[in-house]
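*Asks:* Submitted below is the structure of interest, expressed as structure tokens.
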Ligand SMILES: C[S@@+](CC[C@H](N)C(=O)[O-])C[C@H]1O[C@@H](n2cnc3c(N)ncnc32)[C@H](O)[C@@H]1O
């Protein structure tokens, strides 16, 4: 275990926060790093009572903590990649630049699944698929939420799949999830017509928009996870079209999308005869999810 004096840490924290603010990084990120990598808890941090402690325990040498923060500022590497994990729902998930950092708003998809299953309990048994699993977040969330379901997780990236498998293992849910390498529905051809729920957070950002994203995303997150083709809807169109071949009648189709895509996605679903169709807003009131049932 490594230590640093409270005074020294307090001075560093103040400098680190000022440097963050100067380049429009949220100063709370300094605290995120301290909460993850030191013994200090949230209240102690807020009240600054650690200042007078002679020795604060750290998980790594103080110099290394400073280096991580410099990488955050200078290279714009997300803090989650710097520490190697993030928190999502009740899970702590390993992340690396091979996977998209699972976002808090995506957590809502599991609540939407739970609501749907409450209304239609027969969905709770049988196969569910997470297409484009990345870190495995959605598949792991589904496995925990639906104890009777068999979860299938697909990703084109072998490196992402390895991380998803490791995460399922540490969450104690590896036996509940079957992992498949390949393109969307290709590796799950045997589930045609049987899927109870198809859940996906696919790439949905228009190709030209990627260059305008914040450097943390544009430079460090995998473009395979972001790039949804010229209008951002290339993969969603495929999930609409093929989804109806894979879902059982009344099976649930639930996809995350970019704010502003709601009307187009619901038109695609109408054309493919899904119904009913519901656009769901995130907590900020933006149309971010589309939920529909297979005819
Ligand atoms: C936006 S990320 C979502 C990751 C994770 N589900 C989440 O919500 O954090 C999209 C994922 O789709 C995967 N992907 C992209 N194209 C794919 C394809 N053709 N077939 C399967 N997976 C694909 C990417 O590798 C990436 O992991």
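*Asks:* Among the residues of region 262-275, are any assigned to a strand (DSSP E or B), assigned by TED's automatic domain parsing to the domain that holds residue 119 and more than 19 Å from the chain's Cα centre (by Cα)? Spell out the reasoning first.
*Replies:* Start the filter on region 262-275 by keeping residues that are assigned to a strand (DSSP E or B), which leaves none.
For region 262-275, residues assigned to a strand (DSSP E or B), assigned by TED's automatic domain parsing to the domain that holds residue 119 and more than 19 Å from the chain's Cα centre (by Cα): absent.
*Asks:* Right, next: Does region 219-228 contain any residue that is more than 10 Å from the ligand (Cβ to nearest atom) and over 23 Å from residue 283 (Cα atoms)?
*Replies:* Checking region 219-228: at least one residue is more than 10 Å from the ligand (Cβ to nearest atom) and over 23 Å from residue 283 (Cα atoms).
*Asks:* Here's a follow-up. Determine, yes or no, whether residue 2 is within 30 Å of residue 217 (Cβ to Cβ) and touching a strand residue (DSSP E or B) at 6+ places or on another chain (Cβ under 7 Å). Don't jump to the end; show me each part of the working.
*Replies:* Details: within 30 Å of residue 217 (Cβ to Cβ): no; touching a strand residue (DSSP E or B) at 6+ places or on another chain (Cβ under 7 Å): yes.
Against the criterion (within 30 Å of residue 217 (Cβ to Cβ) and touching a strand residue (DSSP E or B) at 6+ places or on another chain (Cβ under 7 Å)), residue 2 does not qualify.
*Asks:* Could you count how many residues in region 170-182 are loosely packed, with under 14 Cβ neighbours inside 10 Å and at negative phi?
*Replies:* 1
*Asks:* Across region 20-57, what is the total count of residues that are closer than 15 Å to residue 79 by Cα and part of a helix (DSSP H, G or I)?
*Replies:* Result for region 20-57: 11.
*Asks:* Inspect region 172-182 for any residue being part of a loop (DSSP other than H, G, I, E, B), out of contact with any helix residue (DSSP H, G or I) (no Cβ under 8 Å at 6 or more places or on another chain) and farther than 14 Å from residue 254 by Cα and give the result as yes or no.
*Replies:* Narrowing region 172-182 to residues part of a loop (DSSP other than H, G, I, E, B): 172-173, 182.
Next, from what is left, pick out any that are out of contact with any helix residue (DSSP H, G or I) (no Cβ under 8 Å at 6 or more places or on another chain): 172, 182.
From what is left, the residues that are farther than 14 Å from residue 254 by Cα are 172, 182.
Checking region 172-182: at least one residue is part of a loop (DSSP other than H, G, I, E, B), out of contact with any helix residue (DSSP H, G or I) (no Cβ under 8 Å at 6 or more places or on another chain) and farther than 14 Å from residue 254 by Cα.
*Asks:* Moving to a separate point now. What is the residue count in region 102-152 for residues that are surrounded by fewer than 24 Cβ atoms within 10 Å (Cβ to Cβ), assigned to a helix (DSSP H, G or I) and more than 9 Å from the ligand (Cβ to nearest atom)?
*Replies:* 19
*Asks:* Which numbered condition in (1) more than 22 Å from the chain's Cα centre (by Cα); (2) away from the ligand (no atom under 14 Å from the Cβ) is the only one that residue 242 fails?
*Replies:* Only one criterion in (1) more than 22 Å from the chain's Cα centre (by Cα); (2) away from the ligand (no atom under 14 Å from the Cβ) is unmet by residue 242, namely (2).
*Asks:* Now for a separate question. Looking only at region 83-101, how many residues end up being more than 19 Å from residue 143 (Cβ to Cβ) and part of a strand (DSSP E or B)?
*Replies:* Residues flagged as more than 19 Å from residue 143 (Cβ to Cβ) and part of a strand (DSSP E or B) within region 83-101 amount to 0.
*Asks:* Here is a follow-up. Out of all the residues in region 185-199, is one or more in a loop (DSSP other than H, G, I, E, B), within 10 Å of the ligand (Cβ to nearest atom) and touching a helix residue (DSSP H, G or I) at 6+ places or on another chain (Cβ under 6 Å)?
*Replies:* Filtering region 185-199 down to residues in a loop (DSSP other than H, G, I, E, B) leaves 185, 192-194.
Narrowing the set further to residues that are within 10 Å of the ligand (Cβ to nearest atom) leaves 185.
Add one more test, that the residue is touching a helix residue (DSSP H, G or I) at 6+ places or on another chain (Cβ under 6 Å), and what stays is 185.
Checked against the condition, which is being in a loop (DSSP other than H, G, I, E, B), within 10 Å of the ligand (Cβ to nearest atom) and touching a helix residue (DSSP H, G or I) at 6+ places or on another chain (Cβ under 6 Å), region 185-199 yields at least one hit.
*Asks:* Another question, then. Only residues that are within 18 Å of residue 17 (Cβ to Cβ) and either crowded, with 16+ Cβ neighbours inside 10 Å or in contact (Cβ under 8 Å) with a residue 12 or more places away in the chain (or both): list them for region 45-54, please.
*Replies:* Taking region 45-54 and keeping what is within 18 Å of residue 17 (Cβ to Cβ), we get 45-51.
Hits for region 45-54 are 45, 48, 50, 51.
Quick grid of which residues meet (1) surrounded by fewer than 16 Cβ atoms within 10 Å (Cβ to Cβ); (2) touching a strand residue (DSSP E or B) at 6+ places or on another chain (Cβ under 7 Å); (3) on the phi < 0 side of the Ramachandran plot; (4) at pLDDT 95 or above:
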site: 7; (1), (2), (3), (4): yes, no, yes, yes
site: 40; (1), (2), (3), (4): no, yes, yes, yes
site: 56; (1), (2), (3), (4): no, yes, yes, yes
site: 61; (1), (2), (3), (4): yes, yes, yes, yes
site: 67; (1), (2), (3), (4): yes, no, yes, yes
site: 79; (1), (2), (3), (4): no, no, yes, yes
site: 87; (1), (2), (3), (4): yes, no, yes, yes
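The values are calculated or read from the model by the stated rules, or taken from the named source; none is laboratory data. All values derive from a computational prediction rather than experimental measurement. With ideal geometry, Cβ positions are generated from the backbone for all residues, glycine too; neighbour counts draw on all protein chains shown.
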